[in-house]
Amino acid sequence: MYYYTHMNIAPQGPKAARLRQRKFELLGRFPIPPDLLPGSLSLTHRLCGQPTCHCAKDRRGHPVWSLTFMAGGKKRVEHIPNQWVEEVRRLVEAGREFKEAVAEVFAANAQLLALWRKQRPR
Ligand SMILES: [Zn+2]
C-alpha cells in the first residue's frame, strides 16, 4: 500500500528544510507511509467581499475547503485549493486509517501480553 502524491509539494526555506529533515529521520526509524495527512477536511462558504460579485447578492458565498489539524500542540486551519481537494481527502482518509491501525496493533499487543501473563506455563 503506497500513496503517491501528485501535488508535488516542494516548499523551500529553512522551516521546510527542518520539517523535511525531521520527517526523514522518523521515516528511517519507522515504516510510516510518507505522505499521509492528519486532521479533517471541511467545506465552508465565504463571501469574497467584492461588491460586484454574485455572492454579494445571493449571499451564498464561494466554496472554501480547509484542512484542520494539530501541529506542535496547536490547532491549525489551512485553506486547500480546489484542485487539491480530491487528493487531500484521500490522504486524510488514509492517514486516519493508518492511525487507527497503529492504535489497534498497540491495543492488541497489550491484550496479548495480558493473556500471556495468565496462560504462560509456570
Ligand atoms: Zn464573491
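The values are calculated or read from the model by the stated rules, or taken from the named source; none is laboratory data. Bear in mind that the values here come from a model prediction, so they are computed numbers and not experimental data. Glycine gets a Cβ as well: all are built from the backbone with ideal geometry, and neighbour counts include every protein chain shown. Note: accessible area is taken over every heavy atom of the protein model, side chains too, but ligands, DNA and RNA are not part of it. Shrake-Rupley method; radii C 1.70, N 1.55, O 1.52, S 1.80 Å.
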| query | Ignoring ligands, DNA and RNA, what accessible area per residue does region 48-122 give at 1.4 Å, in Å²? | reply | 82
| remark: Taking R0 as 41 Å and r as the Cβ-Cβ distance between residue 64 and residue 122, the FRET efficiency 1/(1 + (r/R0)^6), rounded to the nearest 0.05, comes to 0.05
| note | All alpha-carbon distances of the chain, grouped into 10 Å bins from 0, give the whole-percent distribution 10, 27, 28, 17, 11, 4, 2, 1, 0
| Which order do 88, 77 take when ranked by solvent-accessible area (1.4 Å probe, heavy atoms of all protein chains), largest first? | 77, 88
| message | What FRET efficiency comes out for residue 20 versus residue 45 if R0 is 25 angstrom and r is the Cβ-Cβ distance? Round to the nearest 0.05. | response | 0.15
| message | Cut-off under 29 Å on the C-alpha distance; same-chain residues fewer than 8 positions from residue 74 excluded. Which lysines are left, in chain and number order? | response | 15, 23, 99
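Estimate the FRET efficiency between residue 110 and residue 86 by the formula 1/(1 + (r/R0)^6), using the beta-carbon distance for r and 22 Å for R0, to the nearest 0.05.
The calculated FRET efficiency here is 0.05.
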| task | Work through the residues other than residue 39 whose Cβ is under 10 Å from its Cβ and net out their charges, Lys, Arg +1 and Asp, Glu -1. | result | +2
| request: Among 81, 113, 98, pick out the residue whose Cα is farthest towards the positive end of the charge dipole of the chain, where Lys and Arg carry +1 and Asp and Glu carry -1 on C-beta, about the Cα centre. | output: 113
| query | Once both axes come from the Cα atoms, what is the angle between helix 14-29 and the longest principal axis of the chain, in degrees from 0 to 90, rounded to 10? | reply | 30
| said: At 1.4 Å probe size, put 9, 80, 32 in order of accessible surface, largest to smallest. | reply: 9, 32, 80
| Over what distance in Å are the Cα centres of region 6-28 and region 62-122 separated? | 20
